[in-house]
Amino acid sequence: MEKKELKESFWNLRNIGLIVIPLMIAISLLFYSTLFYFNTESYDDFILFSFLIGALPYTTYRYFEFRKIKRCEEIFPDFLADVSSSVDSGMSIPQAVAICSKRDYGILTDEIRKIHRLITWGIPFEEVLRRFAFFVKSPFIEKFVYLIIEANRSGGDIREVLSSASRNSKQLKEIERELKGNIAPYMIIMYMIFGLFLAMTVLLYHAFLVPMSTIEGGEMIYGISLEGYRILFFRLLMLEGFFNGLIMGKIIDGKVISGLKHSIAMIVVSYIVFYFLGV
């Protein structure tokens with residue numbers, strides 16, 4: 001089975017349930033609110049709820065899947081090292097995998113036992129590795145799996161290939177941990193910037209605009225009503241939280257879409273603070 005044959009179709013039950021249906025509900029709610037609540041105080045709330053309905057299911061799924069993949073990537077070098085050690089001692093690949101299938105590799109244990117079963121059923125080792133990479137869904141693991149496959153095809157020493165892959169994967173994970181440690185302060189800074197923006201918005205509204213509206217007898221302040229300022233600040237906070245989160249996703253994980261969890265967190269917190277303080 002070639003790699004392209006293992007590609008997953010977008011139109012599967014998981015994506016339909018997590019992406020298509022929530023988006024349809026969100027778009028319908030947005031359309032309904034635009035028809036009946038446009039230019040009302042509730043319109044911005046409808047926009048926010050539409051965004052959460054459309055984004056939250058997929059974001060929650062991706063968050064837990066990302067955590068699972070990262071745990072698999074942490075354990076994978078140990079599995080390679082154990083297989084390599086067994087092969088060095090004179091065992092064949094099927095024997096080495098059989099030994100490893102009896103050990104505990106945490107979240108990877110079930111997948112390793114699947115590898116063992118497939119090998120015992122007579123499925124070629126390369127095909128088994130392809131299926132393993134496909135079901136784990138880790139680009140990190142996939143790279144090393146196809147490196148092993150290509151090295152094995154070219155007639156290289158499989159023992160040396162496994163040993164090298166184990167060493168390199170451990171080194172890459174160490175580098176990744178160091179890089180994440182260096183990037184972590186930037187995430188804190190981004191949250192602090194957003195928190196400062198939220199605090200300044202609330203302070204400006206209560207300490208300046210509300211007293212000014214009292215002085216002006218509740219009329220226009222510099223050509224804009226108090227309610228107009230409230231709507232403006234609310235929308236600025238939502239936009240700031242949304243784009244701030246996406247930027248954090250790109251900086252920390254290298255993927256804009258992974259920043260949705262930060263966007264949702266900032267938007268929900270600012271919404272609660274905004275209304276709890278009576279803005």
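Bear in mind these aren't lab numbers, they're just calculated from the coordinates by the rules spelled out. Quick caveat: nothing in here was measured; it's all calculated off a predicted structure. Methodologically, a virtual Cβ is constructed for each residue, glycine included, from the backbone with ideal geometry; neighbour enumeration extends over all protein chains shown.
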Report, in whole Å, the centroid distance computed from the Cα atoms of region 224-240 and region 63-127.
-> 55
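Stretched out fully, how many nm does the piece from Leu196 to Glu150 gain, at 0.36 nm a residue minus the Cα gap? Before the final figure, lay out each step's value.
Numbers: separation 46, 0.36 × 46 = 16.56 nm, distance 5.22 nm.
Length gained, Leu196 through Glu150: 11.3 nm.
Summing +1 for each Lys or Arg and -1 for each Asp or Glu, what net charge is found among the other residues whose Cβ lies under 14 Å from the Cβ of Gly106?
Numbers: positive: Arg67, Lys68, Lys70, Arg71, Arg103, Arg113; negative: Glu73, Glu74, Asp78, Asp82, Asp104, Asp110, Glu111.
Computed value for this residue: -1.
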Choose one of Thr120, Val269, Asn168: the residue whose Cα lies farthest towards the positive end of the charge dipole of the chain (beta-carbon charges +1 Lys, Arg; -1 Asp, Glu; about the Cα centre).
-> Thr120
Pairs Lys102/Lys173; Lys173/Lys255; Lys114/Lys170; Lys143/Lys170: which are spaced more than 20 Å apart, C-alpha to C-alpha?
-> Lys102/Lys173; Lys114/Lys170
Pop a pseudo-label 7 angstrom from the Cα along the beta-carbon direction at both Asp88 and Arg235 and give the gap in nm to one decimal.
-> 6.5
Label-to-label distance, nm, for residues given as Arg67 and Glu227 (7 Å Cα→Cβ offset) = 4.3
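Give me the number: length gained by fully extending Ile183 to Ser28, i.e. 0.36 nm times residue separation minus the C-alpha to C-alpha distance, one decimal in nm. Before the final figure, lay out each step's value.
Values: separation 155, 0.36 × 155 = 55.80 nm, distance 3.90 nm.
Taking Ile183 through Ser28 to full extension adds about 51.9 nm, to one decimal.
Report, in deg cm²/dmol and to the nearest 500, the calculated mean residue ellipticity at 222 nm for the chain, where each DSSP H run with n ≥ 4 adds -39500 (n - 2.57) and the sum is divided by the residue count.
-25500 deg cm²/dmol
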What is the spin-label model distance, in nm, from Gln95 to Gln171 if the labels are put 7 Å beyond Cα along the C-beta direction?
-> 3.0
With bins of 5 Å, the percent of all Cα-Cα pairs of the chain per bin from 0 is 1, 5, 9, 12, 12, 11, 10, 9, 7, 6, 5, 4, 3, 2, 2, 1, 0, 0, 0
Relative to the longest principal Cα axis of the chain, at what angle does helix 21-36 sit, 0 to 90 degrees, rounded to 10?
-> 10
Let me know the Rg and Dmax you get for region 171-279 when you use only its Cα atoms, in Å.
-> 18.1, 68
